[in-house]
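Each value in this text was obtained by applying a stated rule to the coordinates, not by laboratory testing. What you see is a predicted model; the values in this text were computed from it and never measured. Glycine gets a Cβ as well: all are built from the backbone with ideal geometry, and neighbour counts include every protein chain shown.
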Amino acid sequence: MSSGATRREFLQTSTIAGVAAGAGLWAGSQPASAAAKEESIEPAFRISLAEWSLHTALYGGKITNLDFPVITKQEFGLDAVEYVNAFFADKARDEAYLSDLKGRCDGEGVRSLLIMVDREGDLGAADEAERRQAVENHHKWVEAAKYLGCHSIRVNAASSGSFEEQQKLAADGLAKLGEFADQHGINVLVENHGGLSSNGAWLAGVMKLVSMPNVGTLPDFGNFRIGKKEDGEGYEWYDRYQGVQELMPYAKAVSAKSHKFDDAGNEVETDFFRMMKIVLEAGYSGYVGIEWEGGEPDEYEGIRLTKQLLERVREGIA
């Protein structure tokens, strides 16, 4: 479906809503009990903020990880956050630090959803000792996620070897980490994050091999670059819509990646209306995380534009 088609659908939905309004069907013209019931209806999805959206400000020392929940609420009016471990890499077992972070979340009414974990080794490493060490390296982030009240950690499934070999190796590491995480009530989610993990069919196959309820996926709208082409000319890309559709049956979080917007407020690389239709038709109703990764406009404006687009999609669906 083209972005034009989805926009037409949205306009048609808006027209229907306008007819309903003309017939006196808005909550304001209904009995108080009906209006209250309408207000209590859960939204199709909620919106969170992924910390990577502010990576330039964080790496530049303009803000810190401790500032993140406050900025999320006060600047963007959002009430849920997704951390990146790189911004508090040595604090996973620092109880005083984690207590401070948790207190700031509680003070703002912000919920901690997950920690995105990188640079802790390859969970699909071909060498068994390396794979075991990578699993153990992630233990502290499972514990930190539990302390902060998160539901998950996000991991990578890097490996080496043939298509099938990498599936088996990644499944082995994920299952071992999943067993540990299950003891803490935490999910282990794999993101399409380069290499074969950006092949939706490959990652869905890994999930089938693991077959554990607390091991799932975190589909990202934009991370479908598999790698360089064999001839070295350009990159091999996986179809993002197909990839998200293949990963959604195992999804416990979703990342709305954005890079650039047109004058109409639409993301130029991803049709958000089409993508969110795939997400919702899979039965997903959790948080969708804003992950701005563009160069222009700045991070704050990029986050706001992504939020506005997601809200527009949500209103069109409603």
For the range 215-230, Karplus-derived ³J(HN,Hα) couplings (6.51, -1.76, 1.60; θ = phi - 60°; whole Hz; x for glycine and proline) come out as 10, x, 10, 10, x, 10, 4, x, 8, 10, 8, 6, x, 6, 5, 4
Computed over the range 87-161: relative contact order in percent, which uses C-alpha pairs under 8 Å that are six or more apart: 39 percent
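Please state, to two decimals, what the Cα-based radius of gyration of the range 176-314 comes to when divided by 2.2 N^0.38 Å (N = residues).
Working: Rg = 15.8 Å, N = 139, 2.2 N^0.38 = 14.3 Å.
Against the compact-globule rule of thumb, the ratio is 1.10.
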What is the set of long-range amide H partners of Gly216 at a cut-off below 5 Å, with H atoms built 1.01 Å from backbone N? Val188, Leu189, Val190
Calculate, in whole percent, how much of the Cα-Cα pair population of the range 179-238 lies beyond 14 Å. 59 percent
Mind listing the Cα extents of the range 95-186 along all three principal axes, in Å, largest one first? 49, 23, 20
Could you list which residues have their amide H under 5 Å from that of Val254, counting only those 5 or more apart in sequence or on another chain, with H placed in the peptide plane? Gly289
Tell me, what is the Rg over Rh of the chain, with Rh the Kirkwood radius over Cα pairs? 0.99
Compute the long axis of helix 128-148 from its Cα atoms, compare it with the longest principal axis of the Cα atoms of the chain, and write down the angle in degrees, 0 to 90, nearest 10. 40 degrees
Computed over the chain: longest principal axis from alpha-carbon atoms vs helix 272-281 long axis, angle to nearest 10 degrees, is 80 degrees
What are the residues whose amide H is under 5 Å from the amide H of Arg46, where those residues sit 5 or more places off or on another chain and H is modelled from the backbone? Tyr287, Val288
Kirkwood-based Rg over Rh for the range 214-288 (C-alpha set), two decimals? 1.02
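Find the relative contact order for the chain and round it to a whole percent, using C-alpha pairs within less than 8 Å whose residues are 6+ positions apart. List each step's numbers first, then the result.
Details: 560 pairs, mean separation 55.4, N = 318.
Reported relative contact order: 17 percent.
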Where in the range 42-74 are there trypsin sites (Lys or Arg not before Pro) that are in a DSSP coil and have at most 11 other Cβ atoms within 10 angstrom of their Cβ? Lys62
Using Cα centres only, tell me the gap between the range 279-317 and the range 74-95 in whole Å. 19 Å
Would you kindly derive the ³J(HN,Hα) couplings of the range 103-115 from the backbone phi angles with the Karplus curve 6.51 cos²θ - 1.76 cosθ + 1.60 (θ = phi - 60°), listing them in order in whole Hz, with x for Gly and Pro? x, 5, 5, 4, x, 9, x, 10, 9, 8, 9, 6, 10
With everything on Cα atoms, drop me the angle between helix 163-182 and the longest principal axis of the chain, reported from 0 to 90° to the nearest 10. 80 degrees
